[in-house]
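Values in this text are rule-based calculations from the coordinates and carry no lab data. Everything numeric in this text was worked out from a predicted model, so none of it was measured. Using ideal geometry, Cβ is built from the backbone for each residue, glycine included, and neighbour counts are taken over all protein chains shown.
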Amino acid sequence: MPELAPRRRLDQPRQPGRVRFRVDPDTFGRFSERLARFLGTGTFLFWQTLLVIVWIVLNVFAVTLRWDPYPFILLNLAFSTQAAYAAPLILLAQNRQDDRDRVSLDEDRARAAQTKADTEYLARELAALRIAVGEVATRDFLRSELERVFREQSPKRRRGSADVIRDDPRWDDVPS
């Protein structure tokens, strides 16, 4: 017969402190958020108001069904119990929302810092390009320089390109 795991053996006493009630905080948190969300709705208020009206009507007018006479102590106890559970659940839901907001805010700050760094980098690159373009000769500058050089040349050098080539001594060996 196979041996059972030590924690499942029935012939051995339990170890003290071994039995624990474990609650998953995320599951309980989601439950509390859903409950807190429901407690803030008009549907909840409608049904609770209807329950209170029925409770009071039955306890005032139905003589045979009076389980909570006029000061309505049992109803007050029910509201106190509801408030005792609702308040911590609402606070838990708010704390979880605050945690989510804090994470979102940290992500937004990181994203804003990265955007600022990218913007500063692009601004530096743009400034460098403007400086570089300022040092490059533009079309208008080249045109004006060529016109100035052309005007400075003597009238005999203003011949066509074929005349300039013929006058060049390097072209003497080339047959015409």
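On full extension, the segment bounded by Leu50 and Ser80 gains 9.0 nm, given 0.36 nm per residue less the C-alpha separation. Whole Å is fine, so just give me how far the alpha carbon centre of segment 79-97 lies from that of segment 19-60. Going from one Cα centre to the other spans 10 Å.
Just want to confirm a number: the relative contact order over segment 23-156, from Cα pairs under 8 angstrom separated by 6+ residues, in percent. Walk me through the numbers before you get to the answer.
On the way: 35 pairs, mean separation 33.4, N = 134.
Reported relative contact order: 25 percent.
Within 12 Å, Cβ to Cβ, of Ala113, how many net charges do the neighbouring residues add up to if Lys/Arg are +1 and Asp/Glu are -1? Cβ neighbours under 12 Å give a net charge of -2. For segment 23-156, the orientation-averaged shadow of the C-alpha convex hull comes to 17.6 nm² (one quarter of the hull surface).
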